[in-house]
1. Can you tell me which residue among A192, A207 is of a type in the set (A, V, I, L, M), in contact (Cβ under 8 Å) with a residue 12 or more places away in the chain and over 23 Å from T361 (Cβ atoms)?
2. For region 123-151, enumerate the residues that are in contact (Cβ under 8 Å) with a residue 24 or more places away in the chain and closer than 22 Å to D335 by Cα.
3. Quick one: how many residues across region 61-76 are part of a loop (DSSP other than H, G, I, E, B) and surrounded by fewer than 18 Cβ atoms within 10 Å (Cβ to Cβ)?
4. At least 3 residues that are closer than 20 Å to A263 by Cα in each: list the strands (runs of 3 or more DSSP E) lying fully within region 282-326 that qualify.
5. How about region 138-179: which of its residues are surrounded by fewer than 18 Cβ atoms within 10 Å (Cβ to Cβ), in a helix (DSSP H, G or I) and of a type in the set (K, R)?
6. Please go through region 331-386 and pick out each residue that is more than 30 Å from A192 (Cα to Cα) and in a loop (DSSP other than H, G, I, E, B).
7. With (1) without any contact (Cβ under 8 Å) to a residue 60 or more places away in the chain; (2) crowded, with 22+ Cβ neighbours inside 10 Å; (3) hydrophobic (A, V, I, L, M, F, W, C) as the list, and A360 as the residue in question, which single condition is left unmet?
Amino acid sequence: MKVGSSRFLIVGAGFSGLVAAHRLSHAGHHCVVVDKRPHLAGNAHDSHDKAGVLIHNYGPHYFRTNSQRILDYLSAFTGWHPVDYTIQSFTEGKFWPFPINLNTFEELIGKPATTEDFERYLAANRLDIPDPKNSEEVILSQVGPRLYELFFEGYTLKQWKRHPRDLDPSVCGRIPIRTNRDDRYLSETFQALPDKGYTHLLENILADSPNTTLHLNTDFHEAREKFPHDHLIFTGAIDEYFGRKYGPLPYRSLRFEHESFTAAELVPRESISKKTGFWQPAMQVNYPGKDVPFTRIVEIKHATGQKIGATTIVREFPDDWNVSKEPYYPIPAPDAAAAYQKYATLAAAETNTTFIGRLATYRYYNMDQVTGMALVAAEKLIKRFA
């Protein structure tokens, strides 16, 4: 039901921006959505590469949720391809099941084991740290030094260029530790990918947004002057919004190396993949070893279910960030949180701007969480501008 007709400028055409525009436009408001990139969908953008493989252009995006409300909302714009996301870790010369589970433990000891065997091992090896203060402590308190060093220490050092002891417990603590044979990467009740991709999903959201226009290749500062508006919704980096008044916040960036293979080129690797049409044995293989410069290789075709002879792998290299690069990850550490708080104080005083999304709130959010944040923010603005 239409309740108002205000003008909103929305910076960012990813989940946050387009979901907010959709809800506001259905309440009778006019929305202009801008993005500095030449495409919509933000970091969730996917497309077909030269080999015809549907890839995630900015790293893998694994949709999952426990929220029926979010699932119902997004299901109006996409069908789903169910996926049990499974990954492995390659270290000490072999592939290991990961996250850590009973199968991982059997690889460690070289023989069959039971859940009770694994629980006894953990009880004997985990460190007594009742209140873990950082990522190193949280893993040591769960599995002990051997498994921590095998899977977490090197990977985290490469990913964040900080030692796990200098990062919040949530960084490593979000990875489940299981004593059964459940080898799924994630634990949410619903795990799936949009059946035609994220870009298609968000194109459908935009198509169902009346009185909404999208302008790509458009800078935030240019848009602010060009498009008159009653309220601004900002989904970019919060320090950029304020001209980095207190200096740039710390981020980690990424560099991707893509490599495609024909069906014929995959044949010699069958002993590794054990699956026709794939280069590696799982959707994602982590490389925690300090002697390997990348953190993981992703072969997203395992998850998308695309029926094609060729495949594409993507090696992911963590990268130092500067203002000329994309900020992918806010740094989850106490010093970074303190730096962000200065900008959060400024943001709280901006009565005509709403900040939503990972970069605008300087916090790691999943796609369902970002969607929920955008829906809540839009409902508040609908009431305010009624």
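1. On the way: A207 fails: in contact (Cβ under 8 Å) with a residue 12 or more places away in the chain.
None of the others qualify; the one that does is A192.
2. If the condition is that a residue be in contact (Cβ under 8 Å) with a residue 24 or more places away in the chain and closer than 22 Å to D335 by Cα, then P132, K133, N134, S135, E136, E137, V138, I139 are the ones that fit.
3. 3
4. On the way: elements: 284-286, 296-298, 311-320.
Because the criterion is at least 3 residues that are closer than 20 Å to A263 by Cα, the strands (runs of 3 or more DSSP E) in region 282-326 that meet it are 311-320.
5. R146, R165 - these are the residues of region 138-179 that are surrounded by fewer than 18 Cβ atoms within 10 Å (Cβ to Cβ), in a helix (DSSP H, G or I) and of a type in the set (K, R).
6. The answer is A333, A349, E350, T351, N352, F385, A386.
7. It is condition (1) that A360 fails.
All of the numbers you see were taken from the coordinates with simple rules; none came from a lab. This one's a predicted model, so the numbers in the text were calculated from it and none came from an experiment. Glycine also receives a Cβ, built like all others from the backbone with ideal geometry; neighbour counts cover every protein chain displayed.
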